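Working notes for the structure below.
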Amino acid sequence: MTKILRISRRNQEKSEIEAAAEILRNGGLVAFPTETVYGLGADALNPRAVKKIFEAKGRPSDNPLIVHIGNKKEIYKLAREIPEETERLMEKFWPGPLTLVLKKSKAVPKVTTGGLDTVAIRMPKHRIALSLIKKSKVPIAAPSANLFSRPSPTLAEHVIEDLHGKIEAIIDGGKTKIGVESTVLDLTTDPPTLLRPGGITLEELEEFLGEVKVHPALKGKKIKKMDFKSPGMKYKHYAPNANVIVVEGDCRNVKKKVQQLADKYRKEAKKVAVMTTDKNHSYKADLIKFVGREFNAIAKNLFKTYREFDEEKANIIIVEGVENKGLGFAIMNRLKKASCKTIKV
Ligand code: AMP
Ligand code: MG
């Protein structure tokens, strides 16, 4: 049985959060909202609890989890050999959507880090997430609360769809603000290496740190299996059931190509969906959804739109690419990881 704990500004959230914290302390699983996406939490220091996360999600055991903390000082219990810039980064970006990879301390079990000697840590900026972590009094390992390879959940309904009956509780705190996951920055290299673009942009990090390496896998380079610094990189991710095709390039050419593809697949009797960033588009397809014009809106609506297209049984989703800068880097990364094909025009 999965308890659904609804929290809104009006109700008495204290008792809901206390109940969820108790489940976590007792080694159970609770899904909760963060500012990025919904997370599936367990006591990060309890190997048996953490193992349940992998089982519930169907996540491969070598794909490490992010440990969420409610207080910056906890980093010193979880990590060792902490480089000088860590504190400055925490001051500037925490609480917030930046995950820092550091050498792990003995306190962190290997199951949490997918067998790695490093640990990924973040302090989320969400009232419910923070108060749940603080109340539980343990660091909380929390990957996105979706089934492995599915789009990340940005609504409690998405978590219910994927995990109802498999976990003890789901806190419904409404729609998440950012909609794509945190930025992952590896601080064990000098300069630090960006492993996943996300809610904090590369440009912000570069401005703050001076120099940031971008992992070659993020530049579309083919990587040998052993060189995947962040194991999550090698898996297909964020994907709806339908096949996703991304079309990127000059705006006019993109529109032409999207329509050509839509026509082609509709002739093959496929149900074709188009995801557009132009409210005044003139596309013809079976399903068309406008996700927003600005990066913020697109990021917020992206995963939700995939799930809606799945519900409407689309076979093919054709997506207009966005510019690869700012939050657009994270959006393009998620689009490409979910796609079977990217076409440049
Ligand atoms: P998720 O929480 O599902 O959004 O995924 C967490 C992401 O962080 C995955 O891409 C992981 O591979 C990455 N990650 C977690 N821990 C580490 C680590 N110790 N080193 C490198 N990447 C990590
Ligand atoms: Mg995930």
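The values are calculated or read from the model by the stated rules, or taken from the named source; none is laboratory data. Quick caveat, the model's predicted, so the values are computed rather than measured. Backbone-built Cβ (ideal geometry, glycine too); neighbour counts: all protein chains shown. The area values use the complete protein model at the heavy-atom level, side chains included, leaving out ligands, DNA and RNA. Shrake-Rupley method; radii C 1.70, N 1.55, O 1.52, S 1.80 Å.
Test of understanding: among I200, I160, I140, which residue is more than 16 Å from ligand 2 (Cβ to nearest atom), open to solvent by less than 30 Å² (accessible area, probe 1.4 Å) and either closer than 17 Å to T34 by Cα or of a type in the set (S, T, N, Q) (or both)?
One residue alone meets the criteria, I200.
For every residue, the table says whether it meets (1) more than 16 Å from ligand 2 (Cβ to nearest atom); (2) surrounded by 20 or more Cβ atoms within 10 Å (Cβ to Cβ); (3) without any contact (Cβ under 8 Å) to a residue 60 or more places away in the chain; (4) of a type in the set (D, E, K, R).
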{"site": "A79", "(1), (2), (3), (4)": "yes, yes, yes, no"}
{"site": "E84", "(1), (2), (3), (4)": "yes, no, yes, yes"}
{"site": "K106", "(1), (2), (3), (4)": "yes, no, yes, yes"}
{"site": "P109", "(1), (2), (3), (4)": "yes, no, no, no"}
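Out of all the residues in region 51-64, is one or more more than 16 Å from ligand 2 (Cβ to nearest atom) and hydrophobic (A, V, I, L, M, F, W, C)?
Within region 51-64, not a single residue is more than 16 Å from ligand 2 (Cβ to nearest atom) and hydrophobic (A, V, I, L, M, F, W, C).
Specify which of the listed residues (A19, A49, A56) is in a helix (DSSP H, G or I) and closer than 17 Å to A156 by Cα.
Unique residue meeting the criteria: A56.
Tell me, please, whether a residue that is at negative phi, in contact with a Leu (Cβ under 9 Å, 6 or more places away or on another chain), modelled with pLDDT of 95 or more and among the charged types (D, E, K, R) can be found in region 64-75.
Checked region 64-75: no residue is at negative phi, in contact with a Leu (Cβ under 9 Å, 6 or more places away or on another chain), modelled with pLDDT of 95 or more and among the charged types (D, E, K, R).
Only one of P109, P153 is assigned to a loop (DSSP other than H, G, I, E, B), closer than 24 Å to D62 by Cα and out of contact with any Pro (no Cβ under 6 Å at 6 or more places or on another chain). Can you tell me which?
P153
Matching residues to (1) surrounded by 15 or more Cβ atoms within 10 Å (Cβ to Cβ); (2) under 17 Å from V247 (Cα atoms):
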site: K271; (1), (2): yes, no
site: M275; (1), (2): yes, yes
site: V291; (1), (2): yes, yes
site: A297; (1), (2): no, no
site: N301; (1), (2): yes, no
site: D310; (1), (2): yes, no
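Going residue by residue through region 1-15, is there one that turns out to be open to solvent by 60 Å² or more (accessible area, probe 1.4 Å), in contact (Cβ under 8 Å) with a residue 60 or more places away in the chain and not in a loop (DSSP other than H, G, I, E, B)?
yes
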